[in-house]
Amino acid sequence: MSRASLDKNPRDVAAMFDDVASGYDRANSFMTFGFDRRWRVTTAKVLDAREGEKVLDLAAGTGVSTEEYAQNGAWCLAADFSLGMLRAGRHRDVPMVAADALHLPFADASFDAATVSLGIRNFVDTKAALAEIARVVRPGGRLVICEVSTPTFAPIRFVYRKFILRALTWVGKRTSSNPDAYSYLAESMLTWPDQRAFGEMIAASGWTKVEWLNLTFGAVAIHRAVREGDG
């Protein structure tokens, strides 16, 4: 596959993740110095999935985040459009389904909550995906998104932007059968909107009470919102 462009052609992006699926979780932990685990734990606390609830974990990859969210007894479904990622996570004890974020195969108001961890920036149309997620979450239900963001302290922001591109390129060349995929991931991180801009995008897509929490100096942020309507 040639390098996926930032136009995010769905087939190219899916093929890219298929190619890197087998080593993706290990590479992710390496590149984040293990912070990915801390981010998942914090996201799970913000999500606060409880027994009896149905939770959609979208762009779930191998389901590592889905397992985290299900620990308190909620029924959590891992959904991703990369079959390679889902196959790489077959050993996890969570239900999995192939799904396109723009055309989710679920009825209206099917879930109590939805979450996306480090994956929404790869959707071909973020606004349309946010609206589609709102469709399948019940009124009053929750949205929690953990995604890369913009460090709030200028010196850290400078180092972050310089480090990410070089680190991902280095890792890709040495560990992946598709090194161009990591260049794509770096560019998608560097062009993603900051905390406020993404919050405004969420608010314009059927969600209310939007707020965010900065993690690791703002290199990652968790956005939380509530589905419009009475719960």
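The values are calculated or read from the model by the stated rules, or taken from the named source; none is laboratory data. Every value quoted in this text rests on a predicted model; they were computed, and no experiment measured them. Every residue, glycine as well, gets a Cβ built from its backbone with ideal geometry; the counts of neighbours run over all protein chains shown. Accessible surface is based on the protein model in full, side chains and every heavy atom, while ligands, DNA and RNA are left aside. Shrake-Rupley method; radii C 1.70, N 1.55, O 1.52, S 1.80 Å.
Quick look at the numbers
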read-out	value
Shape of the stretch 44-127, Cα gyration tensor, a/c cut at 1.5	oblate
Whole-Hz ³J(HN,Hα) from phi, Karplus 6.51 cos²θ - 1.76 cosθ + 1.60, for the stretch 107-118, glycine and proline x	6, 4, 6, 7, 10, 7, 7, 9, 9, 9, 10, 6
Gain in span if fully extended, T208 to F153, counting 0.36 nm per residue against the direct Cα distance	17.0 nm
The stretch 53-173 - percent of accessible surface contributed by carbon and sulfur, probe 1.4 Å	57 percent
Distance violations [Cα-Cα > 29 Å] among K54/K127; K54/K209; K162/K209	K162/K209
Interchain or long-range residues, amide H under 5 Å from R142's placed H	A113, A114, R227
For the stretch 94-145, accessible area per residue (1.4 Å probe, heavy atoms of protein chains only), Å²	33 Å²
Built amide H within the under 5 Å cut-off of A109, gap 5+	V136, V137
Computed E for D194/D125 - FRET, C-beta separation, R0 25 angstrom, nearest 0.05	0.80
Area accessible to solvent at W170, 1.4 Å probe radius, in Å²	120 Å²
Ordering of 218-225, 94-101 by packing [mean C-beta count within 10 Å, highest first]	218-225, 94-101
Interchain or long-range residues, amide H under 5 Å from V220's placed H	S149, L215
